[in-house]
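Asks: Got a structure for you, written out below as structure tokens; questions coming shortly.
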Amino acid sequence: MQRTTLSEKSSKARLKNSTKAFTMSFEDQRQAKRLRGVLLKCGGFSSQLANNVSEKVDGDPLWGSRFDWTHPSAVVQTHLDFLLCGADIILSNTYQSSVDGFIKYLGLTREQSIDLMAKSVHLAQQARELYMEQLAPGCGHLEPGLPLVLASIGPYGAHLHDGSEYSGGYADKVTKEQLQKWHSTRIDTCLKQAGADGLAVETIPCQIEAEAVTDLILREHKGVKFWVSFQCKDEVSLAHGESFAQAALSIWRIVQSHNAQSCLLGIGVNCVNPSFVSPLFISLNAAAGEERIPLIVYSNRGETYDSDKGEWIAGEDLKPLVDYVPEWCSLGACIIGGCCRVYPADILQMRQCIDNIGNNN
């Protein structure tokens, strides 16, 4: 498979063209007052990537990660699409990246596979640089240090390509040590080799994996900013069946035991039905008592993914995602965004909603 190159000149041209579609909205953002303490994450990366490539993304054994190798310019453009709509945080395209997967499906060596993980972070950083160079100098709304580039650390089940990140079926078959060994290569690469600003540990379906990765980060990467986001099957439970409130509280206790509260960006949920979020947050807040745990949410649209057909099935009477934002903020969400099937236009609506809340406070 031939690797394509990305010239800075062509990237700037594409950025200029993309800016035209969002100029009015972006100018509105410049005048908006940000809601202090609430940051906006990007939407569903692979969903938007599918609009920037001709090949099918969903159903690929490497999902979006393949395109870091085959279509890097499209990866940069996808990051820019979200930045142009006001995202404060973008995630590297490493959710389904693994050495084993790259060797099997791309024919790469171990060294090339590790380099490709680092490249994914570099592509996100390149998008940020282009965004800052072209748009940010005159934008007073940007806070110092933003936008952030975090490395996406998807679950062990994602590389199995069997949907087990939505069931946690592997939780009873692997040990904490095995999970830590598997995660360490990608985490080390994204932080030490690529220089990501932090880690987004996401779509975790089981308590044992969340605890294993949290412990690994706090022991091996002291001072690194990170969040832990769970996959939940309903309004109470993780995908594997554990109580969300108790699993999240367990992560909070581990962080406290390391005196690392300042490193934790949040604990929460992602790629869940948005109607589940408030009950899940209410259960955690109740379990935490007087303690205020920083919360994070980036749900999907409320659709259901049919793994047999490889497509999303829309439900009836889906509520716009932006309608949930005020309540999520009131429950303590400090980072809000979107996951699968959440596009730049949705992120722009959420940006405007968060800014409006800020103006009214």
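Please treat every number below as a calculation from the coordinates, not as lab data. Nothing here was measured: the structure is a model prediction, and the numbers come from that model. Every residue, glycine among them, receives a Cβ derived from its backbone with ideal geometry; neighbour counts consider all protein chains shown.
Asks: Helix by helix through the chain, keep the DSSP H runs that span 15 Å or more along the axis on Cα and average at least 0.5 on Kyte-Doolittle, and give those back in order.
Replies: Helices passing the filter in the chain: 72-83, 244-257, 274-288.
Asks: Something else now. Is it possible to state the helix-based mean residue ellipticity at 222 nm for the chain, with each DSSP H run of 4+ residues giving -39500 (n - 2.57), the sum divided by total residues, to the nearest 500 deg cm²/dmol? What is it?
Replies: Result for the chain: -14000 deg cm²/dmol, rounded to the nearest 500.
Asks: Follow-up. Once a ≥ b ≥ c are taken as the square roots of the eigenvalues of the Cα gyration tensor of the stretch 147-294, is the result rounded (a/c under 1.5), prolate (a/b larger than b/c) or oblate (a/b not larger than b/c)?
Replies: Cα axes put the stretch 147-294 in the oblate bin.
Asks: Give me the dipole magnitude in Debye, nearest 20, for the chain about the Cα centre, with unit charges on the beta carbon: positive for Lys and Arg, negative for Asp and Glu.
Replies: It works out to roughly 1060 debye.
Asks: Report, by chain and number, residues whose modeled amide H sits under 5 Å from the one on Gly198, excluding near sequence neighbours (fewer than 5 apart, same chain).
Replies: Amide H to amide H, under 5 Å and 5 or more residues apart or across chains, Gly198 pairs with Ala151.
Asks: Does the chain come out rounded, prolate or oblate, given a ≥ b ≥ c as the square roots of the eigenvalues of its C-alpha gyration tensor, rounded meaning a/c under 1.5 and, failing that, prolate meaning a/b above b/c?
Replies: rounded
Asks: Another question, then. Just list whichever of Lys192/Lys225; Lys192/Lys222; Lys104/Lys233; Lys181/Lys222; Lys119/Lys192 have alpha carbons separated by over 19 Å in the model shown.
Replies: Beyond 19 Å between Cα atoms: Lys104/Lys233.
Asks: Moving on to the next point. Can you give me the orientation-averaged projected area of the convex hull built on the Cα atoms of the stretch 49-164, in nm²?
Replies: Computed as one quarter of the Cα hull surface, the answer is 7.6 nm².
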